[in-house]
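**Student:** The structure is given below, and queries will be raised subsequently.
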């Protein structure tokens, strides 16, 4: 017999909606989304699973690629333009996108008149490197520490001859 007893490993739809938070990326004035970190809320440490909502006329984060963490997106409702590796694709319910590493750049935009709802997820590693090709920036994350660099300032390593 099924029970209504609370369980740390089961999130009910109403609880998820109540715990959703809003976010916008500081590098993109059109970035606006809300959602919940479903994996973290149930104690998952190595796998990220999130639900996200992008209102009409808004975008996800910033066009970016990952070096260490694979990522995926599954559209539940609405439509979007997915920019993947420099090409725009219209996507809708049931469409799945996977971004292996290293480095398939991607981004979602919602120019349509209804909310986009999707699941996204991937790995949650201690160390990650992400590139932002349109901005010429690279992020290095070590645990909770984040450093941002201009890619143009990077210098190749030249070993010293012994």
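No lab work stands behind these numbers, since they all come straight from the coordinates. Bear in mind that the values here come from a model prediction, so they are computed numbers and not experimental data. Ideal geometry is used to build each Cβ from the backbone, glycine not excepted, and the neighbour counts take in all protein chains shown.
**Student:** Would you compute the Debye intensity of the chain from its alpha-carbon atoms alone, equal scatterers and no solvent, and pass along log10 I(q)/I(0) at q = 0.17 Å⁻¹ to two decimals?
**Tutor:** Log10 of I(q)/I(0), two decimals: -1.11.
**Student:** Give me the extension gain from residue 127 to residue 42: residue separation times 0.36 nm, minus the current Cα-Cα distance, reported in nm with one decimal.
**Tutor:** That pair, residue 127 and residue 42, stretches by 28.4 nm at full extension.
**Student:** Here is a further query. Pairs of alpha-carbon atoms within less than 8 angstrom and 6+ residues apart define the contacts here; what relative contact order does region 13-124 have, in percent?
**Tutor:** 30
**Student:** Can you give me the distance in nm between label points at residue 25 and residue 95, each placed 7 Å from the Cα along the Cα-to-Cβ direction?
**Tutor:** About 1.8 nm separates the two model spin labels.
**Student:** Sorted from largest down, what three extents in whole angstroms do the Cα atoms of region 87-135 have along their principal axes?
**Tutor:** 37, 24, 15
**Student:** May I ask for the Rg/Rh ratio of region 43-119, computed from Cα atoms with Rh as the Kirkwood radius, given to two decimals?
**Tutor:** 0.96
**Student:** Hey, with R₀ at 25 Å, roughly what FRET efficiency would residue 147 and residue 88 work out to, going by the Cβ-Cβ distance, to 0.05?
**Tutor:** Efficiency for this residue pair is about 0.20.
**Student:** So, in nm, how far is label residue 9 from label residue 155 when the simple model puts each one 7 Å beyond its Cα toward the Cβ?
**Tutor:** About 5.3 nm, to one decimal.
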